[in-house]
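Quick notes on the structure that follows.
The values are calculated or read from the model by the stated rules, or taken from the named source; none is laboratory data. Because the structure is predicted, anything quoted here is derived from the model rather than measured. Heads up, the Cβs are rebuilt from the backbone with ideal geometry, glycines too, and the neighbour counts pull from every protein chain shown.
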Amino acid sequence: GFVTTWNTGAQRIKGYTAEEIIGKHFSCFYTPEDVQSNNPDRALQIAAAEGKYEEENLRVRKDGSVFWATVLISALRDRTGELRGFAKVVQDITERKESEQRLREKDRLATLGTTAAVFAHEVGNTLNGVSTSLQVISDLINSADNRDPLLAETIEMAHQDLRRLTSLLGDYRSFAKPQTLKFEPSDLRQITEEVLAPATNSYKASGISVTYDFDEDLPLVPVDREKIRQVLLNVCKNAVEAMPDGGILSCKAYRENDRFVLEISDTGIGIPDGLDVFQLFKTTKPTGTGLGLPIVEQIISEHRGTVDFSSQVGKGTTFRISLPLGLG
Ligand SMILES: Nc1ncnc2c1ncn2[C@@H]1O[C@H](COP(=O)(O)OP(=O)(O)OP(=O)(O)O)[C@@H](O)[C@H]1O
Ligand SMILES: [Mg+2]
């Protein structure tokens, strides 16, 4: 179990010089966990009994760093069959392990991607079923003699949850499976107003006013209107959610060479430095999903546009969407 010879290959892998290591017990190459479970001795016992012992496991270098290794221990016997010692060959396979791991991760993501669409579809069907059942129940209750208000309220809450799930699922599906866009020359001011109009009253109630500052004579922009609505909805929803105590939501648009620029600003809490808001499932909200901005980014990039933001914590945020005026 003690080191008696040491070559330069071993030195390169493990960092010890021959003087340093000869005479030491070979368990110093093992992780503390391995030593604790007596694995070094067990390896020698197996090698002695069966002639050799092989494993693929973690080993420790002189500097304490850990690496993946294949280890082959062979029993050395003299002519009479007497056990004389062991020969140990160690190979550093960190690189191979890492590329295997990367491959597995890629596989996993690819599988996830292909199953996501099917999964979302199945969940959607189930939601539809539940929604129909709820509708039947609420109709029955409404026609019954004793209407319990709590019952009606509970059913309405379930309905709301369902609507939320359904819309979340819709977002997710459009993200998992990009569709082909239908480009039409569009008036972005009109679309913006259409998106914001239905919510204006509820904004007012929470102390949020909306302003428009669109340059005169702006050209039409070739966009998929439904998708751009989705973009505006997500960005404005974030802006409103950033202003729990009220504030100003402003929409500004201008032309910059051959691009149309739309800026949505809020006077809200701001985005902390270093928060990667475009990352999938990145959220700071208790009931957020972190799907909003990844969807925005995907749709805008499908339009060959760009989206970025500037923000100051405590002051507010501006999201800037730039779209090409000509496609091609
Ligand atoms: N206008 C904004 N002001 C402050 N923070 C923002 C703003 N827009 C986005 N963020 C931050 O970026 C995060 C990600 O936004 P995103 O829209 O992707 O997800 P979400 O709003 O958390 O959830 P979801 O949109 O899916 O309901 C938010 O949780 C929030 O921390
Ligand atoms: Mg959001």
Look at SER202 and say whether it is among the polar types (S, T, N, Q) and either at pLDDT 95 or above or within 18 Å of SER311 (Cα to Cα) (or both). no
Of (1) at negative phi; (2) without any contact (Cβ under 8 Å) to a residue 24 or more places away in the chain; (3) loosely packed, with under 14 Cβ neighbours inside 10 Å, PHE119 satisfies every one except (3)
Look at ALA10 and say whether it is in contact (Cβ under 8 Å) with a residue 60 or more places away in the chain and part of a helix (DSSP H, G or I).
yes
Looking across the stretch 73-85 at residues that are part of a strand (DSSP E or B) and free of Cβ contacts under 8 Å to residues at least 60 places away in the same chain, the single one that is surrounded by the fewest Cβ atoms within 10 Å (Cβ to Cβ) is ARG84
So, first residue without any contact (Cβ under 8 Å) to a residue 40 or more places away in the chain in the stretch 129-150, second residue part of a loop (DSSP other than H, G, I, E, B) and surrounded by 10 or more Cβ atoms within 10 Å (Cβ to Cβ), Cβ within less than 8 Å, six or more apart or across chains; the pairs are ILE141/ARG147; ILE141/ASP148
Screening LEU249, LEU181, LEU233 for residues that are touching a residue at least 24 places away in the same chain (Cβ under 8 Å), closer than 22 Å to ILE271 by Cα and out of contact with any strand residue (DSSP E or B) (no Cβ under 6 Å at 6 or more places or on another chain) leaves only LEU233
In the set LEU249, LEU233, LEU196, LEU188, the lone residue that is surrounded by 13 or more Cβ atoms within 10 Å (Cβ to Cβ), among the aliphatic types (A, V, I, L, M) and under 28 Å from the mean Cα position of the chain (by Cα) is LEU233
Checked against (1) away from ligand 1 (no atom under 11 Å from the Cβ); (2) within 22 Å of GLN190 (Cβ to Cβ), ILE264 satisfies every condition except (1)
Taking first residues from the stretch 269-286 that are farther than 15 Å from ASN234 by Cβ and free of Cβ contacts under 8 Å to residues at least 24 places away in the same chain and second residues anywhere that are in a loop (DSSP other than H, G, I, E, B) and within 14 Å of ligand 2 (Cβ to nearest atom), the pairs with Cβ under 7 Å that are 6 or more apart or on different chains are ASP276/LYS282
The condition of being within 9 Å of ligand 1 (Cβ to nearest atom) and under 19 Å from the mean Cα position of the chain (by Cα) holds, among GLY290, GLY274, only for GLY290
Practice item. Taking VAL90 as the residue in question, decide whether it is in contact with a helix residue (DSSP H, G or I) (Cβ under 8 Å, 6 or more places away or on another chain), outside any strand (DSSP E or B) and of a type in the set (Val, Ile, Thr). Key: no
Restrict the check to the stretch 95-112 and report whether at least one residue is of a type in the set (Val, Ile, Thr) and surrounded by 12 or more Cβ atoms within 10 Å (Cβ to Cβ).
no
For the stretch 270-316 the number of residues that are within 27 Å of ARG225 (Cβ to Cβ) and touching an Asp or Glu at 6+ places or on another chain (Cβ under 7 Å) is 4
